[in-house]
Amino acid sequence: EVCDNVDQNCNGLVDEGLLIAMFQDSDGDSYGDALVSIEACELQDGYVLDSADCNDADSTINPGAIEIADNVIDENCDGQIATMVIENELEVFISPNPASDLVTIGTKELQESKVQIFNMNGQLIMDTFFNDSFVKIDVSTFSNGIYLIKVGNRKYSLVVSH
């Protein structure tokens, strides 16, 4: 049998055992949609061999993506939403998250900490300290989006939505 849509061995089957299952990759992240597949002799444009994409409309969501904690999105398609695990050093809370006007960042223990806020392009938006158990930050002038908050050496995400 040769893969050419002809039954060379006259058994009533065409190209048996030679077709490759491939899956549509609409977002171009190299992971395809298991629900949209074809079989062909050669890999077709817009299709991949991996069918593990859980959101083929968003290239940032796929099995190879890095999970962002506490944003209610399953970036890496493992069926779980990541939550921030705080080790014993410093327990930080961010409230409310998402925020629209004012956000409180604090700790249960009194400890001076540096607080930095970055946008998703990595640009530093704010750099401050808190030496009380909390600091209130006005985010009303921030654009809608996800921001990275760094408290000491720990990183957290904050969603701003007006």
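The values are calculated or read from the model by the stated rules, or taken from the named source; none is laboratory data. All values derive from a computational prediction rather than experimental measurement. Here the Cβ is made from the backbone with ideal geometry for all residues, glycine too, and neighbour counts use every protein chain on show. In case anyone asks, the SASA skips ligands and DNA or RNA and just uses the protein heavy atoms, side chains included. Shrake-Rupley method; radii C 1.70, N 1.55, O 1.52, S 1.80 Å.
Based on this model, can you work out whether residue 82 counts as aliphatic (A, V, I, L, M), within 30 Å of residue 54 (Cα to Cα), surrounded by 14 or more Cβ atoms within 10 Å (Cβ to Cβ) and modelled with pLDDT under 85?
In short, yes.
So residue 140 fits all but one of (1) under 30 Å from residue 28 (Cβ atoms); (2) in contact with an Asp or Glu (Cβ under 6 Å, 6 or more places away or on another chain); what number is the exception?
(1)
Considering only the stretch 99-113, I want to know if a residue exists there that is at pLDDT 85 or above, loosely packed, with under 11 Cβ neighbours inside 10 Å and within 30 Å of residue 57 (Cβ to Cβ).
The answer is no, given that none of the residues of the stretch 99-113 is at pLDDT 85 or above, loosely packed, with under 11 Cβ neighbours inside 10 Å and within 30 Å of residue 57 (Cβ to Cβ).
Pick out the one residue from 61, 73 that is within 23 Å of the chain's Cα centre (by Cα), β-branched (Val, Ile, Thr) and open to solvent by less than 50 Å² (accessible area, probe 1.4 Å).
Result: 61 is the single residue among 61, 73 that is within 23 Å of the chain's Cα centre (by Cα), β-branched (Val, Ile, Thr) and open to solvent by less than 50 Å² (accessible area, probe 1.4 Å).
What's the total number of residues in the stretch 20-58 that are open to solvent by less than 50 Å² (accessible area, probe 1.4 Å) and acidic (Asp, Glu)?
6
Under 7 Å between Cβ atoms, which residue pairs at least 6 apart in sequence (or on different chains) link something in the stretch 103-116 that is over 18 Å from residue 160 (Cβ atoms) with a partner that is at pLDDT 80 or above and open to solvent by less than 10 Å² (accessible area, probe 1.4 Å)?
Short answer, once both residue conditions are applied: 113/151.
Among 17, 12, which is over 30 Å from residue 99 (Cβ atoms), open to solvent by 80 Å² or more (accessible area, probe 1.4 Å) and part of a loop (DSSP other than H, G, I, E, B)?
Going through 17, 12 in turn, just one is over 30 Å from residue 99 (Cβ atoms), open to solvent by 80 Å² or more (accessible area, probe 1.4 Å) and part of a loop (DSSP other than H, G, I, E, B): 17.
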